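**Q** Attaching a single structure in structure tokens format; questions to follow.
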Amino acid sequence: MTEAAKSNKAPRTAITPTREENFPEWYQNVIKAAEMAENAPVRGCMVIRPYGYAVWENIQKHLDAMIKAEGVDNAYFPLLIPLSFIAKEAKHIDGFAKECAVVTHHRLEANDAGDLVPAGELTEPMIIRPTSETIIGDVYSRWVQSYRDLPLKINQWANVMRWEMRPRIFLRTSEFLWQEGHNVFETHDQAEADARRMIDVYREFYEDYMAVPGYIGAKTPDERFPGAIETYTIEAFMQDGKALQGCTSHNLGQTFSNSADIKFLDRDGTLKHAWTTSWGLSSRTVGALIMVHADDDGMVMPPKLAPHQVAILPIVRDDADTDKILAFCDELQKQLAAKGVTARTDKTEARSSDKMWTAIKKGVPVRVEVGAREIAEGKLTFTRRDLGKDGKKTATVGEFLSSIGGVLDQMQKDMLDRAREKMKAMVTDVASLKEMRDFFAGEKIGGVRIDYKLIQDSEEFEAIKKDFSVTPRCLPFDDEGQKVIVAKAY
RNA sequence: CGGAGCGUAGCGCAGUCCGGUAGCGCGCCUGUUUUGGGAGCAGGAUGUCGGGGGUUCGAAUCCCUCCGCUCCGACCA
């Protein structure tokens, strides 16, 4: 490149600021540029736009199938929970009381000034579910009578509300979407195995669909879900070095069967309290998808979750060719559909360069350019989003159609591989609390892995937590509970 | 709830210190030439200056008061 060209071509990114310059702002701008979501009039709530919701729908579609394959049925439990229900379980209420939205009235009336004011105070206030253990426990106490009723495995897709002090779109909103599974077993061991099984289902989902790897393990006691005897988690690392709890699976022991009185008559004729689990994955995973894969030009969608996998971009120079090109695009889209590949043709009147940037910012895995040249030569030009413009390739229509499946699979795999490399680089092994302090005081981003023993009952570790706002993220299964990962977290 | 910023056109901002009747860029609309990694030209539309109150002949600007948003912390998926 000549000097002149260099000076004219300031490296321009589709998203400003870049990740390097200001990660939180970059994150919000990626979402805006890809038209995935926006903030709602109510603080902490979001409007999930069609393109963002399509990602969630794909998450639902695939995860739901995986959950059902575990012998779980879907059901739906109500949004409103009697206040008395959540008050039943002391640990649980300690964990959630501060974030509960409370419904106290059921009617609006106009006052003298003409303003609508709440009237009709409820005799018993209700809370909007922050999670559904208590109400599902109440229902289960009637459904479960005999060991023959077990195991009971039910999942619901729902919205929940936790009044957040500091909301961030997708990552922490007051209202969010999720699935919550609630299983009941005869024994501790069955519940424990189930909690472990479900975190493994999530791991598979995270790796195979989201192309997001993570550190999988147990939460330390103080980081557990309120009421759980074990909480398992996937801790993924974002590009800024912070960890994100990607989902959780809890062994709830007999906590909720005690408070909700879920009992079954066992084979030996005695009444026993059941053992329960719960496990959830929320719309924050969309945020993880962005913070792991997106770059300074915007979103990069893993092919398996992309709203559409191929963007067909008609390159129209001359009105005379328009109809022919569009017809060609329609045919191409149909043939892709026949191959199980979702494609969308950009039929807007935008200039071709703008069509490209739109597809780039939305992170569409593969862009295909179709112009007069392609039609004349019977060849297509296509580009993988994650490889940049240097990844441009040409192929005949036939070659393209027969290879597109493989191209998408390869991209999915490459995204996971790259994410895994980044993840490994995010965690540094340290041998002492001194080294941990030095690490967090230094420039390097990410977290540390250290012997678990060293942080237990340690005043210095409490000080480090405070000084650098880091927390124990998990005790990875790979280290058999001997090591703990400590990092800043979302 | 603490700390720091900010609220002016759809978006991003200037104007505020020092009061004088609303501006820039992008986007949008029309036309035209363009179109393969962010087009050029010519026209055009768009504002309760966050809300309320006060000072003043006159307030985006000064004073009081409320509200909201963003970032950093505490809480958390």
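The values are calculated or read from the model by the stated rules, or taken from the named source; none is laboratory data. Predicted model only: the values in this text are computed from it and were never measured. All Cβ positions, glycine included, derive from the backbone under ideal geometry; neighbour counts span all protein chains shown. Only protein heavy atoms, including side chains, enter the accessible area calculation; ligands, DNA and RNA are left aside. Shrake-Rupley method; radii C 1.70, N 1.55, O 1.52, S 1.80 Å.
**Q** Name the single residue, out of those in the range A:161-181 being in contact with a Leu (Cβ under 8 Å, 6 or more places away or on another chain) and assigned to a strand (DSSP E or B), that is farthest from RNA strand B (Cβ to nearest atom).
**A** A:Q179
**Q** Tally time: how many residues in the range A:433-456 are open to solvent by 40 Å² or more (accessible area, probe 1.4 Å), in a loop (DSSP other than H, G, I, E, B) and either on the phi > 0 side of the Ramachandran plot or in contact (Cβ under 8 Å) with a residue 12 or more places away in the chain (or both)?
**A** Final tally of qualifying residues: 2.
**Q** Name the residue, out of A:E192, A:E235, A:E207, that is under 20 Å from A:I455 (Cβ atoms) and in the same structural domain as A:V72 (by TED's automatic domain parsing).
**A** Values: A:E192 fails: under 20 Å from A:I455 (Cβ atoms); A:E207 fails: under 20 Å from A:I455 (Cβ atoms).
None of the others qualify; the one that does is A:E235.
**Q** Another question, if that's okay. Given the criteria touching a residue at least 12 places away in the same chain (Cβ under 8 Å), farther than 30 Å from A:K219 by Cα and open to solvent by 20 Å² or more (accessible area, probe 1.4 Å), does A:R317 qualify?
**A** yes
**Q** Filter the range A:132-146 down to the residues that are in contact with a helix residue (DSSP H, G or I) (Cβ under 7 Å, 6 or more places away or on another chain) and either among the small types (G, A, S) or within 16 Å of RNA strand B (Cβ to nearest atom) (or both) and list them by number.
**A** A:E133, A:T134, A:G137, A:S141
**Q** Looking at A:D208, A:D149, A:D200, which is the one that is surrounded by fewer than 20 Cβ atoms within 10 Å (Cβ to Cβ), free of Cβ contacts under 8 Å to residues at least 40 places away in the same chain and more than 14 Å from RNA strand B (Cβ to nearest atom)?
**A** None of the others qualify; the one that does is A:D200.
**Q** Among the residues of the range A:360-403, which ones are over 14 Å from A:L313 (Cα atoms) and among the aromatic types (F, W, Y)?
**A** A:F400
**Q** OK, next. Taking the range A:275-331, which residues are within 13 Å of RNA strand B (Cβ to nearest atom) and acidic (D, E)?
**A** Matches in the range A:275-331: A:D295, A:D296, A:D297, A:D318, A:D319, A:D321.
**Q** Can you pull out the residues in the range A:377-386 that are more than 8 Å from RNA strand B (Cβ to nearest atom) and not basic (K, R)?
**A** A:E377, A:G378, A:F382, A:D386
**Q** For the range A:292-310, what are the residues that are in a loop (DSSP other than H, G, I, E, B) and open to solvent by 10 Å² or more (accessible area, probe 1.4 Å)?
**A** If the condition is that a residue be in a loop (DSSP other than H, G, I, E, B) and open to solvent by 10 Å² or more (accessible area, probe 1.4 Å), then A:D296, A:D297, A:K304, A:P307, A:H308, A:Q309 are the ones that fit.
**Q** While we're here: Would you check if there is a residue in the range A:120-127 being buried (at least 17 other Cβ atoms within 10 Å of the Cβ), at pLDDT 85 or above and in the same structural domain as A:A191 (by TED's automatic domain parsing)?
**A** yes
**Q** Residues in the range A:457-482 that are under 16 Å from A:G446 (Cα atoms), outside any loop (DSSP other than H, G, I, E, B) and without any contact (Cβ under 8 Å) to a residue 40 or more places away in the chain: how many?
**A** 4
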